[in-house]
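One structure is given here, and the rest of the page talks about it.
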């Protein structure tokens, strides 16, 4: 793996740890009531998405068990729907899917690749969330 890709994966992991730290120890309702936390997590997810954009296609294709395209789409939803972000989805991504993404990046860097249990389910779940976002947007919700 190229040194550039390793640096990008490190930055993704670092951003993910920031987001996980923002939601650590708080409940969903407290998250919804805290504008600072919601915005911090949302921006951090957008940062991760942007980092995925510049990750090489070689890494994305070699480790295609990670839902790279879905992660990338997250930024577009956040940026283009900033006035109507569904924070339930932000919560789900940051508390359910992000820890799995960190585990997968750790596995990639240690040479295990996609041998983690449940990675394909993570990809399917992430894509399901993004489909729900797109459908809600089309229906004006």
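Quick notes on this one:
- For the criterion of being modelled with pLDDT under 90, over 15 Å from residue 105 (Cα atoms), within 14 Å of the chain's Cα centre (by Cα) and surrounded by 20 or more Cβ atoms within 10 Å (Cβ to Cβ), residue 74 passes.
Let's see how each residue does on (1) without any contact (Cβ under 8 Å) to a residue 40 or more places away in the chain; (2) within 14 Å of residue 97 (Cβ to Cβ); (3) touching a helix residue (DSSP H, G or I) at 6+ places or on another chain (Cβ under 6 Å):
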{"position": "12", "(1), (2), (3)": "no, yes, yes"}
{"position": "33", "(1), (2), (3)": "yes, no, no"}
{"position": "45", "(1), (2), (3)": "no, yes, yes"}
{"position": "58", "(1), (2), (3)": "no, no, no"}
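The values are calculated or read from the model by the stated rules, or taken from the named source; none is laboratory data. All values derive from a computational prediction rather than experimental measurement. No Cβ is skipped: glycine too gets one built from the backbone with ideal geometry, and neighbour counts run over all protein chains shown.
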